[in-house]
Structure formats: structure tokens, C-alpha cells
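What follows is a short report on a single structure.
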Amino acid sequence: MVERGSVRRLDPAGHLIESLTREPAWPCAAASQIDCFCRVLDGQRPNPSGPAAHLPHTAFLAAAYGSQAAARTCHPKEFLA
């Protein structure tokens, strides 16, 4: 189980096996980026690049998941329409 500032590993029965806590618990980079993106969507922050700049990134991720699901290679261009 991963939470901000801590990681806990549980056995199948839900008992704690080991844990790691980081003090002070600073926000991770991903959480900060998601918070920033949410502010862009809410109109509280400008979007310097626009949605079109991110389509190649999302196509890459879609191809990776598609490749795993289909058990074959998927090219990111297949997801750019």
C-alpha cells in the first residue's frame, strides 16, 4: 500500500510485513504534476503547451497497454487519429 510519505507491504491476509516512512513526507513529483494539471483543467493556471502537445505521450501509453492486452506489438501511431 502506497500513501504519501509511506509504503507498507501486507501479506495476503492483510497483516503488515514491512513499512517505510519518510519524514517529513514531502509530496512526490507525480502528485505535484497532477495537482498542477487539475488547476489547468479548472482554469486556475495557464496551459503553456495545449492538449495537442500531449497526444504523442498518451498514444505511447495506450500502445504499451494495448501491446500487453493483445500480446502483440502495437505502434503508438495506431492510437493517433
Fill in the blank from the handout: Among (1) -0.58; (2) -0.35; (3) -0.39, the entry matching log10 I(q)/I(0) by the Debye sum over Cα atoms at q = 0.11 Å⁻¹ as calculated here is (1)
Fill in the blank from the handout: For the chain, longest principal axis from Cα atoms; helix 55-70 axis from its Cα atoms; angle between them, nearest 10 degrees, is 70
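What does the charge count around ALA59 come to, taking other residues whose C-beta lies under 14 Å from its C-beta (Lys +1, Arg +1, Asp -1, Glu -1)? Intermediate results must be reported in sequence, preceding the final value.
Details: positive: LYS77; negative: GLU78.
So the environment of ALA59 carries a net charge of 0.
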Problem - Spin-label pair ALA13/CYS28, simplified geometry with 7 Å Cα→Cβ offset, distance in nm - result: 2.9
Problem - Amide proton proximity set for CYS74, modelled H, under 5 Å, gap of 5+ - result: SER67
Completion exercise
Helix-only [θ] at 222 nm, the chain, -39500 (n - 2.57) per DSSP H run of 4+, per residue, nearest 500, equals -11500 deg cm²/dmol
Handout entry: Label-point separation, ARG39 to HIS54 (7 Å along Cα→Cβ), nm
Key = 1.5
Completion exercise
For region 30-35, Karplus-derived ³J(HN,Hα) couplings (6.51, -1.76, 1.60; θ = phi - 60°; whole Hz; x for glycine and proline) come out as 4, 5, 5, 5, 5, 4
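Please calculate how many Å² of accessible area the chain carries per residue, with a 1.4 Å probe and no DNA, RNA or ligand atoms counted. Before the final figure, lay out the partial values.
On the way: 6850 Å² over 81 residues.
That works out to 85 Å² for each residue.
The values are calculated or read from the model by the stated rules, or taken from the named source; none is laboratory data. Quick caveat: nothing in here was measured; it's all calculated off a predicted structure. Heads up, the Cβs are rebuilt from the backbone with ideal geometry, glycines too, and the neighbour counts pull from every protein chain shown. Heads up: the accessible areas ignore ligands, DNA and RNA and are worked out on the full protein's heavy atoms, side chains in. Shrake-Rupley method; radii C 1.70, N 1.55, O 1.52, S 1.80 Å.
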